[in-house]
Amino acid sequence: MTQFRMYPERPIIGVGAVVLDGNRVLLVKRANEPLKGEWSLPGGAVDVGESLGDAVKREVREETCLEIEVGPIVEVLDRIRREPDGRVRFHYVLVDFLCRPIGGSAHAASDAAEVAWADRAALGRYRVADLTVAVIDKGAALAATAWLPPSAGLRDTE
């Protein structure tokens, strides 16, 4: 499938998941290009007819076997990889969402060579790209201010 995404005529829409569990973030080691062999956030391309929310749920499930709840958008960014001659090899427009696990057990599935719950303070050990670390930090800040825990503030009024 990757070969059809190489040298695109237009950008491909992708989604990413900043899945947080306390001070830990879910990472995947990519099994395929782009980013093959690199640690990153789980995610991938949106299928035709699929909503962004459904795409991020599917991608996380396919890569990590986890079920997630999808929260607010953390960041929208370009991921462009060029050949030495300047040709665009890959161009994704990525929409990263804040997410939390709600079921399953994290382990590598399709498109992931490995899965890890990484302490946010130890992301350097995984050589996570600076841009990805910035997205993770932004997601953690958003989680602390904009996303209440399940049942927080909800009360039975009868």
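Some points to look at:
- All positions within the range 95-113 that are under 16 Å from residue 39 (Cα atoms) and out of contact with any Phe, Trp or Tyr (no Cβ under 8 Å at 6 or more places or on another chain): 96, 107, 108, 109, 110, 111, 112, 113
- When residues of the range 77-99 are limited to those that are in contact with a Leu (Cβ under 7 Å, 6 or more places away or on another chain) and not basic (Lys, Arg), the one surrounded by the fewest Cβ atoms within 10 Å (Cβ to Cβ): 77
- The set of residues in the range 110-128 that are modelled with pLDDT under 90 and assigned to a loop (DSSP other than H, G, I, E, B) comprises 110, 111.
The values are calculated or read from the model by the stated rules, or taken from the named source; none is laboratory data. All values reported here derive from a predicted model rather than from experimental measurement. Here Cβ is always computed from backbone atoms with ideal geometry, including for glycine, and neighbour counts include all displayed protein chains.
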